[in-house]
1. Quote to one decimal, in nm, the extra length available between Glu591 and Ala296 on full extension: 0.36 nm per residue of separation minus the C-alpha distance between them.
2. By accessible area of protein heavy atoms, probe 1.4 Å, what ranking do Leu593, Leu100 get, highest first?
3. With a ≥ b ≥ c taken as the square roots of the eigenvalues of the C-alpha gyration tensor of the chain, please select rounded if a/c is under 1.5 and otherwise prolate if a/b is larger than b/c or oblate if it is not?
4. If you count only protein heavy atoms and use a 1.4 Å probe, how large is the accessible surface of Met112, to the nearest 10 Å²?
5. What order do you get for 492-504, 573-585 when each peptide is scored by the mean count of other beta carbon atoms within 10 Å, highest first?
6. Would you mind computing Rg(Cα) / (2.2 N^0.38 Å) for segment 95-165, counting N as its residues?
7. Once ligands and nucleic acids are excluded and a 1.4 Å probe is used, how much of Val463 is accessible, expressed in Å² to the nearest 10?
8. What is the distance in Å between the Cα centres of segment 150-203 and segment 233-280?
Amino acid sequence: MPERRPFVRLPTDVYPVNYGLRLKPDLIDFTFEGKLEAAVEVTQGTNQIVMNCADIDIITASFVPEGGEEINATGFNYQNEDEKVTLCFPSTLQKGSGSLKIDFVGELNDKMKGFYRSKYTTPSGEIRYAAVTQFEATDARRAFPCWDEPAIKATFDITLIVPKDRVALSNMNVVDRKPYPEDHSLVEVKFATTPIMSTYLVAFVIGEYDFVENQSSDGVTVRVYTPIGKAEQGKFALEVATKTLPFYKDYFSVPYPLPKIDLIAIADFAAGAMENWGLVTYRETALLIDPKNSCASSRQWVALVVGHELAHQWFGNLVTMEWWTHLWLNEGFASWIEYLCVDHCFPEYDIWTQFVSADYTRALDLDALDNSHPIEVDVGHPSEVDEIFDAISYSKGASVIRMLHNYIGDEDFRKGMNAYLLKFQHKNASTEDLWECLEQASGKPIAAVMNSWTKQMGFPIIVVDQEQHGSDRVLKISQKKFCASGPRNDENCPNWMVPISVCTSEDPSCTKIKVLLDQPETTVNVTNVAPDHWIKINPGTVGFYRIQYSSVMLESLLPGIRDLTLLPVDRLGLQNDLFSLARAGMISTVEVLKVMEAFVNEPNYTVWSDLSCNLGVLSSLLSHTDFHEDIQEFIRDLFTPIGMKLGWDSRTGEGE
């Protein structure tokens, strides 16, 4: 393998304070002209300025020191591999303020990154192109030369010169729109100055769109932009966004800092959506809902994605990670709170049970593999970012934040979040900074606990046995790493700091006792548990681990499944753990199938969906064996009651 080239961040001897940026895209020839006038600070004398720049040709560049003479750059030295350009000056730029002027040209590429073209068809059938942006992680440098690192924040004054029949949008509201003197078919659209922000969150869109508009209860103008003729398909997202902004304002106790927010559907879009500050871009399926034809699951998907991107307006945009190493926190946090927000807007979705099925168990399955990786990975070169964005960053990230929120409690969690956002607003922070704020708010060892979940891969299996002592139940609890390929007896077995909660059949939705398991094993005494009562570990299925109960404990839980006193999320988690243990060869599949029969009264869709997946895996393992007919019959028997009850046609009054 070739040696990885060392990655060097930009020098700090010159940094931007404000970018004045004028862009004039050509939607026919797919090129653009740009003028940058940046207010910069020189912190120590230098005769060169190093910036990021990719696929851009610089025509002229000069530096004007405050109150001094203009100095023209004598050379532009492009390091294409590093996506950098060095501007060389004939004399030393002195310490102090100045203005950097660059004229440049670039192409509206078809790579769905940087400043790119997006193809659409007009209602009359004509093919046209919009000019749109996608800058995260490192593609702002394809639209204008800049210091393209998340910690080098500045304000932006953006002006777009566009055909007068097109919509032009950017992060901020329009403050001026006037005819372009050199060509009367064009207009010059000037946007308000942005707050201090990172380059990867800058955005602009030029195209043809309809929109629907509303005001949130805290006075923010919300618009959803749709393809021409499809405005009504933006109404659902508009409703979600107008409910969500006040929810986050209230949750963080920090107002949304911009006067407006636009959500826009882009025809050609690589990601699901992108949280550009004040101008969030989406692929059409993540934003548009046809009131007549879209199904419940599409609505729910749109609600989650809108909730996710709007959460970033605070967590990510107002406070930004110092470097891409901390990206998991940005994404994991938004992937958790999107569910909190949807649960607030649409309690009827039973969304947290779905979280366990969609994110939590998925992350457990992946993270039990030998080729998993820790949530937090050191990023050197930003091109490594794409390799890291995976289900571990999003789903395990969201799952451990859910566990953390449960461990701290909502009130202290919100207190810590508010302190974090206020302390670092318009600045940058690392994962450790958040742990510190949460630690101060809760008085709990947050950093020590969380490091065991973010800096090492995998998770533990918690093995539980019990003894009845008079009216007390004594639990023996131990942890070891869970491996999908079966148990290991490694000497240097990793340990986790595991928040463990326990509930009993007396009140299955209420935690009776909480402990922090910080050793390989411990005993826990649960007082006042009658001999005929059952005990369940991890109520709500929030702890990121699997559980292996003794046969007696498992047996005692079956009535809780049968009479539905165990919560749906716990019924789901229980069978998911069992199937996983059977697949790893730690328990017999027969034990799992015995438990299945207790699910005969199960009413919950998400539980059935997970159960069905797990039985499907087993059924395909047994295909072409003597047992295939038997397992098929077993499955038919299990599914018959619910099948009869539901029927094939929907009835009025059925839930999501």
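The values are calculated or read from the model by the stated rules, or taken from the named source; none is laboratory data. Fair warning: this is a prediction, and the values are worked out from it, not measured in the lab. Note that each Cβ is placed from the backbone with ideal geometry, even for glycine, and that neighbours are counted across all protein chains shown. Surface areas here come from the heavy atoms of the whole protein model, side chains and all, with no ligands, DNA or RNA. Shrake-Rupley method; radii C 1.70, N 1.55, O 1.52, S 1.80 Å.
1. 102.6 nm
2. If we order Leu593, Leu100 from most to least accessible, we get Leu593, Leu100.
3. Judged from the Cα gyration tensor, the chain comes out prolate (a/c at least 1.5, a/b above b/c).
4. Its heavy atoms expose roughly 70 Å² to the probe.
5. 573-585, 492-504
6. The reported ratio for this selection is 1.41.
7. Estimated to the nearest 10 Å², Val463 gives 40 Å².
8. Cα centroid of segment 150-203 versus Cα centroid of segment 233-280: 19 Å apart.
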